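Q: Supplied in structure tokens, the structure appears directly below.
The values are calculated or read from the model by the stated rules, or taken from the named source; none is laboratory data. Worth saying up front: this structure is predicted, and the values here are computed from it rather than measured. Because the Cβ atoms are built from the backbone with ideal geometry, glycine has one as well, and the counts that use them run over all protein chains shown. The accessibility values were calculated without ligands, DNA or RNA, using every heavy atom of the protein model including side chains. Shrake-Rupley method; radii C 1.70, N 1.55, O 1.52, S 1.80 Å.
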Amino acid sequence: SSVSSDKATQETPSYACQRRTPLHHHNKEIVDALQILALSASFQGSEARYLGFTRAASVLKCLPFTLQSAEEVKDLQFCGGHSKTVIQEILEDRVCREVEMVKNSEHYQSMKVGFKVLTGIFGVGIRTADKWYRDGIRSLSDLNEIEGKLTGEQKAGLLHYTDLQQPVTRDEAERVEQLVKGALQSFVPDVQVTMTGGFRRGKQEGHDVDFLITHPNEEALNGLLRKAVAWLDSKGSILYHHIKGRSHNFARSSTMDGHETCYAIFALPNACPEKSPDAGTIQPDLDKSPPRNWKAVRVDLVVAPYSEYSYALLGWTGSKFFYPLLQHFERELRRFSLQVKKMSLNSHGLFDIEKKCHYPATSEEEIFAHLGLLYLTPSERNA
Ligand code: TTP
Ligand code: MN
Ligand code: MN
Ligand code: MN
């Protein structure tokens, strides 16, 4: 067999949490195509196909070389027949007919619109997007017509749709961090605030900015989130927010954990003008509407008690497990814990089902060690 097919047959550990998955890899075009099919499958309610395409895409992200020929694809592990056909077609013809058809289909396109508006706030919404589609809603302007029936979150998502569609840059994320820290520290000066989510995994842009808040003294955290958010609100920094209180009886299987969380849309003031190279140049006054000096940015603020902090950090660093949001490190980590280790992992802790005990941890490294896994840095968790 050829050298390259030997490369492809090298042992691939079956769970994504056993592999280092970098942010940048060698097969972007094919991965993007597989992820379109995954998203489309989830729009059609097929979780099995969603997972099949997602797993195949995730395996390709770990390949240390660019696939060149259909021959190399034969022996790829954890890649189903359908995914292999798609990959081979792209390698041979540059495009895959199925992917092109899906991309251009009305169902896929309007589900994406509905889905994006909804997930402006919460990681749910396929069912609603699907209902909208069946009710004949195909575009944003159709959505405006049912405004009266929308929830508060959906209205906010729709109102700030244009801004929320724009990726959040790292610079913007850092300015949000200053705002958030300033508000929290005005109540508890030594509060610990960590940026989590995609930015912690090394991404240069994201759909939102995620923060984890903790303090060694749990008393200091009581009421802190509400006070800080109210303070930011009084300064005009908050366009929408919803606080979910801490809960002790959240569903184990749910993607939501029990930590106190604020889902918000911030009005982030524009960067200081001296940073902009065009500052001072006279702009032709074509648009008569007054210029806006802020951008709407989605922000998640999560409060974790100190004893659960490392588990919350691991959980909120991702990559996310939300069906159907494509990346799946968290899902794989939990699946591995349960199936291989008989342990139940969530962002509160790790429970050994057979020994019936909890494993405390003061760092992410300790959690990987409890699971018998090689430690992966945040930037190696882009599965
Ligand atoms: P997101 O902010 O949705 O995703 P992201 O930061 O990885 O990517 P993006 O740049 O698009 O924002 O989720 C961040 C992490 O938070 C993700 O790993 C899932 C995790 N999370 C929740 O969102 N809710 C929960 O209840 C738990 C336990 C985790
Ligand atoms: Mn995020
Ligand atoms: Mn996102
Ligand atoms: Mn988030």
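Q: Among (1) open to solvent by less than 40 Å² (accessible area, probe 1.4 Å); (2) touching a residue at least 60 places away in the same chain (Cβ under 8 Å); (3) away from ligand 2 (no atom under 16 Å from the Cβ); (4) within 29 Å of Ala41 (Cβ to Cβ), there is one condition Val303 misses while meeting the rest; what is its number?
A: Of (1) open to solvent by less than 40 Å² (accessible area, probe 1.4 Å); (2) touching a residue at least 60 places away in the same chain (Cβ under 8 Å); (3) away from ligand 2 (no atom under 16 Å from the Cβ); (4) within 29 Å of Ala41 (Cβ to Cβ), only one is false for Val303: (4).
Q: Shifting gears a bit: Quick check, is Phe329 open to solvent by 50 Å² or more (accessible area, probe 1.4 Å) and at pLDDT below 95?
A: On the way: open to solvent by 50 Å² or more (accessible area, probe 1.4 Å): no; at pLDDT below 95: yes.
Judged against the criteria, Phe329 is not a match.
Q: Name the residues in region 85-107 that are basic (Lys, Arg) and within 26 Å of the chain's Cα centre (by Cα), would you?
A: Looking only at region 85-107, we keep the residues that are basic (Lys, Arg), and these are 94, 97, 103.
Within region 85-107, Lys103 is the sole residue that qualifies.
Q: Another question, then. Right, Asp32: farther than 22 Å from Glu380 by Cα and surrounded by fewer than 20 Cβ atoms within 10 Å (Cβ to Cβ) or not? Even if it seems obvious, please write down each step before you answer.
A: Working: farther than 22 Å from Glu380 by Cα: no; surrounded by fewer than 20 Cβ atoms within 10 Å (Cβ to Cβ): yes.
Spelling it out, it is not the case that Asp32 is farther than 22 Å from Glu380 by Cα and surrounded by fewer than 20 Cβ atoms within 10 Å (Cβ to Cβ).
Q: Quickly run through region 157-173 and pick out the residues that are in contact with a helix residue (DSSP H, G or I) (Cβ under 9 Å, 6 or more places away or on another chain) and either at pLDDT 95 or above or open to solvent by less than 50 Å² (accessible area, probe 1.4 Å) (or both).
A: So the first thing to find is which residues in region 157-173 are in contact with a helix residue (DSSP H, G or I) (Cβ under 9 Å, 6 or more places away or on another chain), and the list is 157-158, 161, 164-165, 168, 170-171, 173.
Listed by number, the residues that qualify are Gly157, Leu158, Tyr161, Leu164, Val168, Arg170, Asp171, Ala173.
Q: Another question about this same structure. So Gly197 ticks every box in (1) at pLDDT 90 or above; (2) on the phi < 0 side of the Ramachandran plot but one. Which box is left unticked?
A: (2)
Q: In this structure, does Val229 turn out to be open to solvent by less than 70 Å² (accessible area, probe 1.4 Å), away from ligand 1 (no atom under 12 Å from the Cβ), among the β-branched types (Val, Ile, Thr) and farther than 24 Å from Tyr161 by Cβ?
A: Details: open to solvent by less than 70 Å² (accessible area, probe 1.4 Å): yes; away from ligand 1 (no atom under 12 Å from the Cβ): yes; among the β-branched types (Val, Ile, Thr): yes; farther than 24 Å from Tyr161 by Cβ: no.
Answer is no for this residue.
For every residue, the table says whether it meets (1) open to solvent by less than 50 Å² (accessible area, probe 1.4 Å); (2) at pLDDT below 80; (3) of a type in the set (Ser, Thr, Tyr); (4) within 20 Å of Lys181 (Cβ to Cβ).
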{"site": "Met256", "(1), (2), (3), (4)": "no, yes, no, no"}
{"site": "Pro273", "(1), (2), (3), (4)": "no, yes, no, no"}
{"site": "Asp278", "(1), (2), (3), (4)": "no, yes, no, no"}
{"site": "Ile282", "(1), (2), (3), (4)": "no, yes, no, no"}
{"site": "Asp285", "(1), (2), (3), (4)": "no, yes, no, no"}
{"site": "Pro290", "(1), (2), (3), (4)": "no, yes, no, no"}
{"site": "Asn293", "(1), (2), (3), (4)": "no, no, no, no"}
{"site": "Arg298", "(1), (2), (3), (4)": "yes, no, no, yes"}
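Q: For region 201-219, check the following and say yes or no: at least one residue is under 26 Å from the mean Cα position of the chain (by Cα), open to solvent by 70 Å² or more (accessible area, probe 1.4 Å) and either modelled with pLDDT of 95 or more or away from ligand 4 (no atom under 16 Å from the Cβ) (or both).
A: Within region 201-219, the subset under 26 Å from the mean Cα position of the chain (by Cα) is 201-215.
Cutting the leftovers down to open to solvent by 70 Å² or more (accessible area, probe 1.4 Å) gives us 204-205, 207.
In the following step, the residues that additionally are either modelled with pLDDT of 95 or more or away from ligand 4 (no atom under 16 Å from the Cβ) (or both) were identified as 204-205.
Yes: region 201-219 contains one or more residues that are under 26 Å from the mean Cα position of the chain (by Cα), open to solvent by 70 Å² or more (accessible area, probe 1.4 Å) and either modelled with pLDDT of 95 or more or away from ligand 4 (no atom under 16 Å from the Cβ) (or both).
Q: Given the condition open to solvent by 20 Å² or more (accessible area, probe 1.4 Å) and among the aromatic types (Phe, Trp, Tyr), answer yes or no: does some residue in region 179-198 qualify?
A: yes
Q: Is there a residue being within 16 Å of ligand 1 (Cβ to nearest atom), modelled with pLDDT under 95, surrounded by 12 or more Cβ atoms within 10 Å (Cβ to Cβ) and assigned to a helix (DSSP H, G or I) anywhere in region 142-150?
A: Taking region 142-150 as the starting set, the residues that turn out to be within 16 Å of ligand 1 (Cβ to nearest atom) are none.
The answer is no; no qualifying residue exists.
Q: Any residue at all in region 370-379 that's in contact with a Lys or Arg (Cβ under 7 Å, 6 or more places away or on another chain), open to solvent by 20 Å² or more (accessible area, probe 1.4 Å), in a helix (DSSP H, G or I) and over 24 Å from Glu260 (Cα atoms)?
A: So far as region 370-379 goes, yes, one or more of its residues are in contact with a Lys or Arg (Cβ under 7 Å, 6 or more places away or on another chain), open to solvent by 20 Å² or more (accessible area, probe 1.4 Å), in a helix (DSSP H, G or I) and over 24 Å from Glu260 (Cα atoms).
Q: Being at pLDDT below 95, open to solvent by less than 60 Å² (accessible area, probe 1.4 Å) and assigned to a helix (DSSP H, G or I) is the filter here; which residues of region 37-52 pass it?
A: Across region 37-52, the qualifying residues are Ala38, Leu39, Ser40, Ala41, Ser42, Phe43, Tyr50, Leu51, Gly52.
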